[in-house]
1. Would you mind stating whether residue 324 is modelled with pLDDT of 70 or more and either outside any helix (DSSP H, G or I) or farther than 30 Å from residue 153 by Cα (or both)?
2. Could you look through segment 419-441, keep only residues that are under 30 Å from residue 317 (Cα atoms) and touching a helix residue (DSSP H, G or I) at 6+ places or on another chain (Cβ under 8 Å), and pick out the one that is surrounded by the fewest Cβ atoms within 10 Å (Cβ to Cβ)?
3. Within segment 76-84, can one find any residue that is surrounded by 14 or more Cβ atoms within 10 Å (Cβ to Cβ), over 51 Å from the mean Cα position of the chain (by Cα) and modelled with pLDDT of 70 or more?
4. Just to be sure I understand the filter: pairs with C-beta atoms under 6 Å, separated by 6 or more residues or on different chains, first member in segment 501-519 and touching a residue at least 40 places away in the same chain (Cβ under 8 Å), second member assigned to a helix (DSSP H, G or I). Which pairs pass?
5. Looking at (1) modelled with pLDDT under 75; (2) under 25 Å from residue 297 (Cβ atoms); (3) touching a helix residue (DSSP H, G or I) at 6+ places or on another chain (Cβ under 8 Å), can you tell me which one residue 164 breaks?
6. Condition test on residue 373, is it within 30 Å of residue 344 (Cβ to Cβ) and modelled with pLDDT of 85 or more?
7. Going through segment 389-427 one residue at a time, which ones are closer than 23 Å to residue 469 by Cβ and touching a residue at least 60 places away in the same chain (Cβ under 8 Å)?
8. Does residue 412 fit the bill of being assigned to a loop (DSSP other than H, G, I, E, B), under 20 Å from residue 370 (Cα atoms) and in contact with a strand residue (DSSP E or B) (Cβ under 8 Å, 6 or more places away or on another chain)?
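The values are calculated or read from the model by the stated rules, or taken from the named source; none is laboratory data. Note that the coordinates shown come from a computational prediction; the quantities given were computed from them, not determined experimentally. All Cβ positions, glycine included, derive from the backbone under ideal geometry; neighbour counts span all protein chains shown.
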């Protein structure tokens, strides 16, 4: 809770106000039991109406105060819960938006969504009800015990004597519930991951006849969740039984011992009834306490998972906001890099230079290090050795937001928002005009947009699900072009297009943006024949560099890849 209050800041006063209201309600509860007992004693003793009326007036006043504080406490707790959730969600989204690529590399969106949904609900219950109920019920029980001791210590001691033993049992049963609920929530998150994969990958699953495999994975995930949830539920059932025992025993003792004392005229009948009421206020909190502690532990586990999002490592801030020079747009000087947890370096002593306006291609087999170079250029990762410079300034000295403002990136897996075509293109530059959007779509060969029912206003569906892979890539390319950045990075950005359309897209790009510097990772070598410079990667190293013609003449790695691809094209033809 301490961390939650730190995140809430000035809003904590809402929770403090709710706790104060809970304290008033607890005091009123015990006071009302005393008033009820005194009124009953007055009636039995036949005292005057004036005294009885005074007691009733006080009782009504106490009841009104209790009702008003109950309402106000619920109101304050509700506002605190809602505003705290808003704060946590905003900060978590902000944190994830600036998280380092390394931090997000092992995370799955399904688990993160589970933290925003089910874990956030547990957290809401913790701050809105469970924590306040704990304060209220614990304080009521303590005040009731104190009052009872002040009126008749013998009856009080007899009624609460078994309580410490039962509380120890409840504490013992509660202790493992937190880890059990955490494990259950993590298992549910994993099941959500499998569900999301089954939905998003439905086409691939059907095409590859993987429905049985996916069903088994889902069944395994749900079985794991059910097993852990059942274990937690069994523990809760034990806690409930303990609570019921705590509730019943004080009543039996008070009615037995108190009845004997009343018959012996050692206590007034009104005091006996006050004790009966107070035992209820004492036993009910004790009955609920084990289950309440279980819910608090569950809520605390959920809060921990939510707060973990606020501790995700974020990218550095600050640095230069402008280039040192523009002689060479991009240089890599003896760059080496290894991903965390991998023994083999992804890049080894890479050096290359890209000048203003050049169209440069990085080619090679999968896993040879091409895409890693692009991630170093955009500042997603930092090289272990060597220097990456953009416009003469080391990437490590750039302000990352300023650096990325000079770069437009198009990945192979083109991500689109569930908005219209125009809105997706406009995310590249929010002030882009309709003319600029149309021009970018034209260069990206997205002529299919004109055939849609609502043209540029057509909704593309969730993550672009209504479009083909090639159509998504062309819209993503148009989004990058409308950004009007001096450096364009294409990471197999047109891999879903056929050869002819891919060549047409690159030709239009060169024709309309001759001054743009383009660095493209390409698998099909036919698309990079006209590149000013081609760097050939193999096993994390640059093994060749030159133009298409010079590399073919050299008869090295590039020539071998070219011959293999030409043979494959001939076989398909």
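1. It is false that residue 324 is modelled with pLDDT of 70 or more and either outside any helix (DSSP H, G or I) or farther than 30 Å from residue 153 by Cα (or both).
2. The extreme case among them is 427.
3. Taking every residue of segment 76-84 in turn, none turns out to be surrounded by 14 or more Cβ atoms within 10 Å (Cβ to Cβ), over 51 Å from the mean Cα position of the chain (by Cα) and modelled with pLDDT of 70 or more.
4. 508/443; 512/443
5. It fails just one condition, (3).
6. yes
7. Answer for segment 389-427, where residues must be closer than 23 Å to residue 469 by Cβ and touching a residue at least 60 places away in the same chain (Cβ under 8 Å): 408, 409, 410, 411, 412, 414, 415, 416.
8. Considered against the rule, which asks whether it is assigned to a loop (DSSP other than H, G, I, E, B), under 20 Å from residue 370 (Cα atoms) and in contact with a strand residue (DSSP E or B) (Cβ under 8 Å, 6 or more places away or on another chain), residue 412 comes out as yes.
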